[in-house]
Amino acid sequence: MKFFGKLLLVVLVIGLLLPFTILKDKDGKPMMSFGDLKLPDFSVPDLPDMPNLTKQDDTSGANLDLIYKWTDADGNLQFSNDPPPQGVEYTVKGYNPNTNIIQAVEIPSEDLAIQKPEPENHVESEDEIGNIYSPEKIKKLFEDAENIEKLLNDRVKKQEALVGQ
């Protein structure tokens, strides 16, 4: 196994050196030279001139968020937080994220009073109202919920007793 690993390493080194030494292009020069090897460019590209929309808002003091709007090559309208590709005409809109977008609804004061429904003496049958829940079934549902709550509380007490708290 060690021999196979060493052999694989030798083949890999020879394979990497072939374009620089033995393999030639049609002019008779090596296919690659060590001068062709360069590190990638890590510099930051120049950004287009941006309008100064980061000024403070007088009412809240928060920075404005920027939204870019442009039309792509297919004619579709695009909105983004990031600027569009270079060479594309766009507009920039700024908005304060702390402002309300939808106007508040005013409720008349007479609607604010709590209106209690008047009790009805007539109980409709299931056929009349089309509801499968009768008052007896609802009462049983609440009783079942209370029983489940009691069961869970008993289990918690047993667990606490076992743990020793």
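The values are calculated or read from the model by the stated rules, or taken from the named source; none is laboratory data. Values in this document were obtained by computation on a predicted structure and should not be read as measured data.
Points worth noting:
- Residue count, the range 147-165 (criterion: basic (Lys, Arg) and under 41 Å from the mean Cα position of the chain (by Cα)): 2
- Residue, nearest to residue 64 (Cα to Cα), within the range 74-98, restricted to residues that are among the polar types (S, T, N, Q) and in a loop (DSSP other than H, G, I, E, B): 96
- Of all the listed residues (101, 67, 148), the sole one being β-branched (Val, Ile, Thr) and at pLDDT below 70 is 101.
- When residue 53 is tested against (1) within 46 Å of the chain's Cα centre (by Cα); (2) at pLDDT 80 or above, just one condition goes unmet, and that condition is (2).
The rows are residues; the columns are (1) assigned by TED's automatic domain parsing to the domain that holds residue 83; (2) within 30 Å of residue 85 (Cα to Cα); (3) modelled with pLDDT of 80 or more; (4) not in a loop (DSSP other than H, G, I, E, B).
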position	(1), (2), (3), (4)
6	no, no, yes, yes
9	no, no, yes, yes
13	no, no, yes, yes
17	no, no, yes, yes
22	no, no, yes, no
27	no, no, yes, no
32	no, no, yes, no
44	no, yes, no, no
